[in-house]
Amino acid sequence: MQLTENLTWRYATKKFDPSRKISPGDLDKLREAIRLSATSYGLQLYKAFIISEPGIRKKLLPASWNQSQVTDASHLIVLCYYTEANAGHVDEYIRLRAEIQDVAVEDLKGYGDFVTQKLLEKPLHEQKEWNARQTYLVLGHLLTACAELRIDACPMEGFDPEAYDQILGLSAMGLSASVAVTIGYRSPEDSSQYQKKVRKHPKDLFVEL
């Protein structure tokens, strides 16, 4: 399987080649992979900030534990979640689904009411945690798409979310940073690429019932 080969090829790239940039065509493919990601109820309660502007990334560097890939990679993607899930998000989804699937909004009311009830019964702190987990579904799609395109990536939790929120103005949009991903092309100087991938043996990982 080509997919297996590509997933074996990928690793968390620590040192990028600053001179190599992702083509607009490949960047469009990554956007589509993010857009097509699975999410709970299909609500897509996330936004992806795709940052190429050097000035913004330089501001984010100290809040990223000064990890050089933030400024050296071709792009920095910040996956953000809505800090509150509300009826408005469900209504927006129902309208979009009705438009795309050519059905009446009224025909989807029962589903919309069910989803709204499930969301609003969660305390706010549970909503935040649930919404944040959605970004990790997106992360999986993004990393796989990068591997398929032979684009290097490094998922990063090593940053200050509050500082990211402030620098990017996320709070005013009802968002908060969850996970960051640097994407681009590995530097020949990144020694990690020459190491064998370490993963558990299948017998130690899978339980067949």
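Quick one: would you say Lys118 is closer than 30 Å to Gly88 by Cα and over 23 Å from the mean Cα position of the chain (by Cα)?
Yes; evaluated as a whole, the condition is true for this residue.
From Lys47, Lys14, Lys29, which residue is within 24 Å of Ala172 (Cα to Cα), open to solvent by 20 Å² or more (accessible area, probe 1.4 Å), in contact with a helix residue (DSSP H, G or I) (Cβ under 8 Å, 6 or more places away or on another chain) and among the basic types (Lys, Arg)?
Being within 24 Å of Ala172 (Cα to Cα), open to solvent by 20 Å² or more (accessible area, probe 1.4 Å), in contact with a helix residue (DSSP H, G or I) (Cβ under 8 Å, 6 or more places away or on another chain) and among the basic types (Lys, Arg) holds for just one of Lys47, Lys14, Lys29, which is Lys47.
Looking only at residues in the range 39-72 that are in a helix (DSSP H, G or I), closer than 26 Å to Arg133 by Cβ and among the aliphatic types (A, V, I, L, M), which one is nearest to the chain's Cα centre (by Cα)?
Val70
Return the total of residues in the range 80-115 being within 23 Å of the chain's Cα centre (by Cα) and basic (Lys, Arg).
1
If we scan the range 39-53, do we find a residue that is over 30 Å from Phe114 (Cα atoms) and out of contact with any strand residue (DSSP E or B) (no Cβ under 6 Å at 6 or more places or on another chain)?
yes
Table: residues versus (1) assigned to a strand (DSSP E or B); (2) not basic (Lys, Arg).
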position: Cys146; (1), (2): no, yes
position: Tyr164; (1), (2): no, yes
position: Val181; (1), (2): yes, yes
position: Pro188; (1), (2): no, yes
position: Gln193; (1), (2): no, yes
position: Lys196; (1), (2): no, no
position: Asp204; (1), (2): no, yes
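Are any residues in the range 170-184 of a type outside the set (S, T, N, Q) and open to solvent by 30 Å² or more (accessible area, probe 1.4 Å), and if so, which ones?
Within the range 170-184, Ala172, Met173 meet the criteria.
Please determine whether any residue of the range 151-165 is in contact (Cβ under 8 Å) with a residue 40 or more places away in the chain, farther than 21 Å from Tyr41 by Cα and open to solvent by 30 Å² or more (accessible area, probe 1.4 Å).
Within the range 151-165, one or more residues are in contact (Cβ under 8 Å) with a residue 40 or more places away in the chain, farther than 21 Å from Tyr41 by Cα and open to solvent by 30 Å² or more (accessible area, probe 1.4 Å).
The values are calculated or read from the model by the stated rules, or taken from the named source; none is laboratory data. Since this is a predicted model, take the numbers as computed values, not measurements. Counting neighbours? That spans all protein chains shown, and the Cβs are built from the backbone with ideal geometry, glycine included. Heads up: the accessible areas ignore ligands, DNA and RNA and are worked out on the full protein's heavy atoms, side chains in. Shrake-Rupley method; radii C 1.70, N 1.55, O 1.52, S 1.80 Å.
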